[in-house]
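Read through the structure below, which is laid out as structure tokens, and then see the notes.
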Amino acid sequence: MAKLQEAAVAQITEICQRHKNDKTPLMMILSDIQNEYGYIPLEVQELVSKETGISVAEIYGVVTFYSFFSLTPKGKYVVGCCLGTACYVKGAQNVIDKFQELLGVGPGQTTEDGLFTLDALRCIGACGIAPAVSINGKVYPKVKVDQVPGIIKELKDTLYAGEYRLIETIAPAGYVLPKGQWIINIIPNEKETT
């Protein structure tokens, strides 16, 4: 097992203990871990197996079966393009294709800089505003292909606003961060230092 930080081991162990008397603890444990860390790598699955006595094979089967769970870290912005029937009929495939083109990743992948994850979603229940795109829980209604560059720019502008700009996202191997925490290198914006 790769080395997890002591704080992560303690928190995951506490999550396992919290659900040990549940009738079906695995889903609750995995859900809590996914909510806390944003993904469930093999090292974490091994720790859950050790704490619960449930085989790694069974845990891995659950993690890979349910689309809510992820084996890899998600980007700062998770772009979910609904491909349900209503969205698909109204052009959702073209919308996700444009996101793929501009971000350089396919569904289920994260950009190299760690900023964007692109997901193809089943129906998100927004049929009346199709095609819909969900980004970190915010739903963009009736998205057209020509709006995609502006959406990406809006997200990047939000990130780069202020006196610093992001250079790279760094996550050392085996390093599990609580969801929403990012290790970044920053330098002053050139226009603000001149």
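The values are calculated or read from the model by the stated rules, or taken from the named source; none is laboratory data. Model, not experiment: these values are computed from the prediction. In this analysis, Cβ positions are derived from the backbone assuming ideal geometry, glycine residues included, and neighbour counts consider all displayed protein chains. In case anyone asks, the SASA skips ligands and DNA or RNA and just uses the protein heavy atoms, side chains included. Shrake-Rupley method; radii C 1.70, N 1.55, O 1.52, S 1.80 Å.
Structure above, values below:
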item: Checking Ala86 against (1) at pLDDT 95 or above; (2) surrounded by fewer than 16 Cβ atoms within 10 Å (Cβ to Cβ), the condition it does not meet; result: (2)
item: Helices (runs of 4 or more DSSP H) lying entirely in segment 17-124 (those with 2 or more residues that are more than 30 Å from Asp146 (Cα to Cα)); result: 25-37, 42-52, 56-65
item: Residues that are charged (D, E, K, R) and either over 22 Å from Ala126 (Cα atoms) or modelled with pLDDT under 95 (or both), drawn from segment 137-169; result: Lys138, Lys153, Glu154, Lys156, Asp157, Glu163, Arg165, Glu168
item: Search result, residues across segment 129-155 that are open to solvent by 70 Å² or more (accessible area, probe 1.4 Å) and assigned to a helix (DSSP H, G or I); result: Asp146, Gln147, Lys153, Glu154
item: Of all residues in segment 31-68 being under 15 Å from the mean Cα position of the chain (by Cα) and surrounded by fewer than 16 Cβ atoms within 10 Å (Cβ to Cβ), the one that is nearest to Lys20 (Cα to Cα); result: Asn35
item: Residues satisfying the stated conditions in segment 97-111, i.e. of a type outside the set (Gly, Ala, Ser) and either surrounded by fewer than 13 Cβ atoms within 10 Å (Cβ to Cβ) or in contact with a Phe, Trp or Tyr (Cβ under 8 Å, 6 or more places away or on another chain) (or both); result: Glu101, Leu103, Val105, Thr110
